[in-house]
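Input: a single structure, listed below in structure tokens.
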Amino acid sequence: ATSLAERVAGLISTVYPQLNNPQLVKRILELEKEYGSLDPAVCLKIAEEVAKEKLCKFAKLEEGIDAGIRVALAYTTLGVVSSPIEGYTEFKLKKTKEDEDYFSVYYSGPIRSAGGTAAAFSLVIADYLREIFGYAKYDPTEEEVKRTVTELYDYHERVTNLQYLPTEQEVEFLGKHLPLQVNGDPSEIREVSNYRDLNRVETNCIRSGFCLVLGEGIAQKAPKILKMVNGLREKGFKLTGWDFLEKFVKLQNEIHESQKSSKESAVYIKDLVAGRPV
């Protein structure tokens, strides 16, 4: 496979063999002509067309949506890393309190290879398909939001440091406002320290993919994702599930400013191993 379009088709055909067809390659090239190479709009459009079975058939709609997310993520990551196959693992339909279907998107550790921006953008892709097919938004409970905060901090303190550790305020805001449920496969033997046994969270174990997508993905790259979302809206993509992002970036800036001013008055040596410098 030489071109990006061919690499994308080749990579995703390991999960969905029917996508290894010249039609997909041709369509990606057409969309690149229309929107420009590597434009996020190409991702959303190709995800939509794959999910709507315009390029090949699937056993059921959920399979088409899953394939659409994978193809778009493979395009975003240039078809060279394993994250569209192993990092994003699946999406499931679950029930809201009103008994409507919402999206729960599953990630595992290899999503790290996609990089924070692509990992976060995969949520935009999934949510775009949610909106197109008319599924409900996720309606988190208070416990689920608190579980998110606890799990992120448990992961950072007990498993491995996140490149970016959002404040509790940031995590809580994301937990309340994301239009779909970020989920993950249980990757650690350790359990979360609190908020276990929740109905809509299948495991009590720490989920690395979940923590990476939230911490190093959407929290760390929010300003970049906001720019991408605004650019896509100008091209006619609705993305109403992401109205909260502007407020989040504003909140983040305020937090960072207040942290800066408090840091100027005191010097912290954070996370340093005691003893001789390594």
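The values are calculated or read from the model by the stated rules, or taken from the named source; none is laboratory data. Everything numeric here is computed off the predicted structure, so don't read it as measured data. Glycine gets a Cβ as well: all are built from the backbone with ideal geometry, and neighbour counts include every protein chain shown.
Do we have any residue at all in region 90-110 that's assigned to a helix (DSSP H, G or I), in contact with a strand residue (DSSP E or B) (Cβ under 7 Å, 6 or more places away or on another chain) and at negative phi? No: region 90-110 contains no residue that is assigned to a helix (DSSP H, G or I), in contact with a strand residue (DSSP E or B) (Cβ under 7 Å, 6 or more places away or on another chain) and at negative phi.
A residue that is out of contact with any helix residue (DSSP H, G or I) (no Cβ under 6 Å at 6 or more places or on another chain), surrounded by fewer than 23 Cβ atoms within 10 Å (Cβ to Cβ), of a type in the set (Val, Ile, Thr) and more than 19 Å from residue 61 (Cβ to Cβ) can be found somewhere in region 121-142.
Evaluate region 64-80: report whether one residue or more is in a helix (DSSP H, G or I) and farther than 24 Å from residue 133 by Cβ. Walk me through how you get there before you give the answer.
Just the residues of region 64-80 that are in a helix (DSSP H, G or I), to begin with: 64-76.
With farther than 24 Å from residue 133 by Cβ added as a condition, the list becomes none.
Taking every residue of region 64-80 in turn, none turns out to be in a helix (DSSP H, G or I) and farther than 24 Å from residue 133 by Cβ.
Condition first: buried (at least 23 other Cβ atoms within 10 Å of the Cβ) and either under 21 Å from residue 74 (Cα atoms) or not aromatic (Phe, Trp, Tyr) (or both). Can you find one or more residues in region 153-167 that meet it? If you could, list the steps in order and put the result at the bottom.
Taking region 153-167 first, the residues buried (at least 23 other Cβ atoms within 10 Å of the Cβ) are 155, 166.
Remaining after also requiring either under 21 Å from residue 74 (Cα atoms) or not aromatic (Phe, Trp, Tyr) (or both): 166.
Within region 153-167, one or more residues are buried (at least 23 other Cβ atoms within 10 Å of the Cβ) and either under 21 Å from residue 74 (Cα atoms) or not aromatic (Phe, Trp, Tyr) (or both).
What about residue 171, is it under 13 Å from residue 120 (Cβ atoms) and either in contact with a Leu (Cβ under 7 Å, 6 or more places away or on another chain) or assigned to a loop (DSSP other than H, G, I, E, B) (or both)? Working first, answer last.
Working: under 13 Å from residue 120 (Cβ atoms): no; either in contact with a Leu (Cβ under 7 Å, 6 or more places away or on another chain) or assigned to a loop (DSSP other than H, G, I, E, B) (or both): yes.
The answer is no for residue 171.
For region 17-28, how many residues are over 23 Å from residue 127 (Cβ atoms), touching a Cys at 6+ places or on another chain (Cβ under 9 Å) and in a helix (DSSP H, G or I)? Within region 17-28, residues that are over 23 Å from residue 127 (Cβ atoms), touching a Cys at 6+ places or on another chain (Cβ under 9 Å) and in a helix (DSSP H, G or I) number 2.
Given 2, 14, which one is loosely packed, with under 15 Cβ neighbours inside 10 Å, of a type in the set (Val, Ile, Thr) and either part of a helix (DSSP H, G or I) or without any contact (Cβ under 8 Å) to a residue 24 or more places away in the chain (or both)?
Working: 14 fails: either part of a helix (DSSP H, G or I) or without any contact (Cβ under 8 Å) to a residue 24 or more places away in the chain (or both).
When all the criteria are applied, what remains is 2.
Residues of region 114-147 being outside any loop (DSSP other than H, G, I, E, B), more than 14 Å from the chain's Cα centre (by Cα) and among the acidic types (Asp, Glu), which ones?
As a first pass, look at region 114-147 and keep what is outside any loop (DSSP other than H, G, I, E, B): 114, 116-132, 136, 142-147.
Adding the requirement that they be more than 14 Å from the chain's Cα centre (by Cα) leaves 131-132, 136, 142-147.
Listed by number, the residues that qualify are 131, 142, 143, 144.
Looking at residue 31, is it in a helix (DSSP H, G or I), more than 17 Å from the chain's Cα centre (by Cα) and over 30 Å from residue 205 (Cα atoms)? Write out each step before concluding.
On the way: in a helix (DSSP H, G or I): yes; more than 17 Å from the chain's Cα centre (by Cα): yes; over 30 Å from residue 205 (Cα atoms): yes.
Here the answer is yes, as residue 31 does meet what is asked.
When region 36-67 is filtered for residues that are touching a strand residue (DSSP E or B) at 6+ places or on another chain (Cβ under 9 Å) and touching a residue at least 60 places away in the same chain (Cβ under 8 Å), only 65 remains.
Hey, can you tell me all the residues within region 189-213 that are part of a loop (DSSP other than H, G, I, E, B), farther than 16 Å from residue 143 by Cα and either under 20 Å from the mean Cα position of the chain (by Cα) or aliphatic (A, V, I, L, M) (or both)? Answer for region 189-213, where residues must be part of a loop (DSSP other than H, G, I, E, B), farther than 16 Å from residue 143 by Cα and either under 20 Å from the mean Cα position of the chain (by Cα) or aliphatic (A, V, I, L, M) (or both): 189, 207.
In this structure, residue 57 does not qualify as within 18 Å of residue 178 (Cβ to Cβ) and either of a type outside the set (D, E, K, R) or assigned to a loop (DSSP other than H, G, I, E, B) (or both). Of all residues in region 239-276, count the ones that are over 23 Å from residue 156 (Cβ atoms), modelled with pLDDT under 95 and outside any helix (DSSP H, G or I). Final tally of qualifying residues: 1. Scanning region 214-236 for residues that are more than 22 Å from residue 112 (Cα to Cα), outside any helix (DSSP H, G or I) and touching a helix residue (DSSP H, G or I) at 6+ places or on another chain (Cβ under 8 Å) returns a single hit, 235.
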